[in-house]
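What follows is a single structure, written as structure tokens, with notes after it.
The values are calculated or read from the model by the stated rules, or taken from the named source; none is laboratory data. Given the structure is predicted, the values throughout are model-derived calculations rather than measurements. Neighbour counts are summed over all protein chains in view; Cβ atoms, including those assigned to glycine, are modelled from backbone coordinates with ideal geometry. Heads up: the accessible areas ignore ligands, DNA and RNA and are worked out on the full protein's heavy atoms, side chains in. Shrake-Rupley method; radii C 1.70, N 1.55, O 1.52, S 1.80 Å.
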Amino acid sequence: MTESPGGDANVPSRNRKRFPGISSRSYEHPADRSALVALRKLSGFDTVFKTLSGLLPERSLRLLFLSDSVRVGDQQFAHLHAMLRDACYVLDLEKVPPMYVNQDPQPNAMCIGLDEPIIVVTTGLVELLDEEEMRAVIGHEVGHALSGHAVYRTILLFLTNLATKVAWIPLGNVAVMAIVTALREWFRKSELSADRAGLLVGQDLQASMRGLMKLAGGNHLHEMNVDAFLKQAEEYESGGDLRDSVLKILNVLPRSHPFTTVRAAELKKWAESRDYQRIMDGHYPRRDEDKDASVSDSFKDSAAHYAESVRTSKDPLMGLVRDIAGGAGDLGGKLRDTVFGSRANGAGGSNGTSGSDGSESAGK
């Protein structure tokens with residue numbers, strides 16, 4: 001991508017690529033895509049979830065933002081309006097959703113609504129990000145709108161409310177919360193999908209990285225480094241023992257978003273993938289083909305993704321899963337090592353699996 005006439009390396013050429021008729025399936029995370037394809041195939045899907053949406057405070061939120069926030073347009077936050085229209089143009093979203101700026105020092109953005117999605121960004125976010133970082137965020141929210149991710153939010157709100165009402169029924173709350181947990185997993189994956197949409201809109205990976213770093217560390221770019229930030233994600237994934245692996249799971253379960261370093265690492269990985277390059281070359285699924293998308297193929301892709309994640313993960317728990325699946329001979333020893341750390345830290349060498357220097361031999 002060529003540098004801008006002004007010479008600012010942070011600002012890409014405005015001659016960015018557009019993706020006519022692009023389907024959201026092209027950028028959706030496999031787990032997110034499989035869930036959406038399945039939901040879209042449900043008979044009466046639109047009617048049911050629009051009805052559910054009507055039972056929730058979505059209409060009230062629309063009125064609240066209209067009455068107590070600033071609607072973006074040609075006369076208000078015109079630069080944000082231009083970025084919104086540009087994002088819709090790049091992703092070929094015909095109807096530009098309304099966008100509001102809400103007074104809130106906490107940096108945040110969201111897309112709500114099934115029928116007519118609206119986008120809300122906080123003043124904290126507007127003040128935190130530069131133009132290209134903000135372009136990626138707006139692209140992220142437009143990606144949510146194109147995918148119809150508000151359905152997750154709608155079902156989650158409905159089931160969370162339902163869980164409190166059936167708590168008195170034996171195992172009723174457990175059953176509902178099991179579904180909520182699965183929905184949260186889809187929701188977290190939908191955020192990874194939307195990050196990819198933001199990259200397709202901005203077409204500036206460094207801007208996307210900077211935006212995620214700022215969400216984690218504030219407006220102190222001179223104190224931060226992308227490579228060091230990504231190294232945190234690697235350390236988070238591979239560090240610790242089985243106890244840390246369990247804590248990671250417990251920490252992420254109630255969250256709607258993946259951790260920021262993880263999002264950055266996932267986006268960089270996707271930006272370097274063949275899938276991203278094919279989209280940039282103009283080869284991607286079209287929206288008019290969505291009705292023919294195979295549910296079974298989508299679930300196979302999702303299963304293959306999770307299997308690959310287990311195979312390549314550096315997390316101690318995933319390493320133990322691989323060993324169990326592979327029929328590890330010294331399973332008891334491996335479990336002990338995973339839970340309490342390497343035997344090299346203890347009395348190693350007594351069981352014949354350590355080298356002459358007392359350290360455990362490496363293996364896959």
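Before moving on, here are some points about what is shown:
- Taking the range 201-252 as the range and being free of Cβ contacts under 8 Å to residues at least 60 places away in the same chain, open to solvent by 50 Å² or more (accessible area, probe 1.4 Å) and of a type outside the set (A, V, I, L, M) as the test, the residues that pass are His220, His222, Glu223, Asn225, Asp227, Lys231, Gln232, Glu235, Tyr236, Asn251.
- In the range 253-273, the residues that are within 18 Å of Met110 (Cβ to Cβ), among the polar types (S, T, N, Q) and open to solvent by less than 40 Å² (accessible area, probe 1.4 Å): Thr260
- Subset of the range 102-128 that is open to solvent by less than 20 Å² (accessible area, probe 1.4 Å) and of a type outside the set (A, V, I, L, M, F, W, C) - its residue that is farthest from Val142 (Cα to Cα): Gly124
- Out of Ile138, Ile155, one residue alone is closer than 24 Å to Ala31 by Cα, assigned to a helix (DSSP H, G or I) and at pLDDT 95 or above. It is Ile138.
- The single condition among (1) at pLDDT 90 or above; (2) open to solvent by 20 Å² or more (accessible area, probe 1.4 Å) that Gly198 does not meet is (2).
- Matching option when the condition is at pLDDT 65 or above and either at positive phi or among the acidic types (Asp, Glu) (or both), among Asp330, Asp281, Asp315: Asp281
- Residue among Asp301, Asp288, Asp292 that alone is at pLDDT below 95, open to solvent by 30 Å² or more (accessible area, probe 1.4 Å) and closer than 19 Å to Ala194 by Cα: Asp301
- Qualifying residue in the range 88-101 (condition: over 18 Å from Val70 (Cα atoms), in contact (Cβ under 8 Å) with a residue 40 or more places away in the chain, outside any loop (DSSP other than H, G, I, E, B) and open to solvent by 50 Å² or more (accessible area, probe 1.4 Å)): yes
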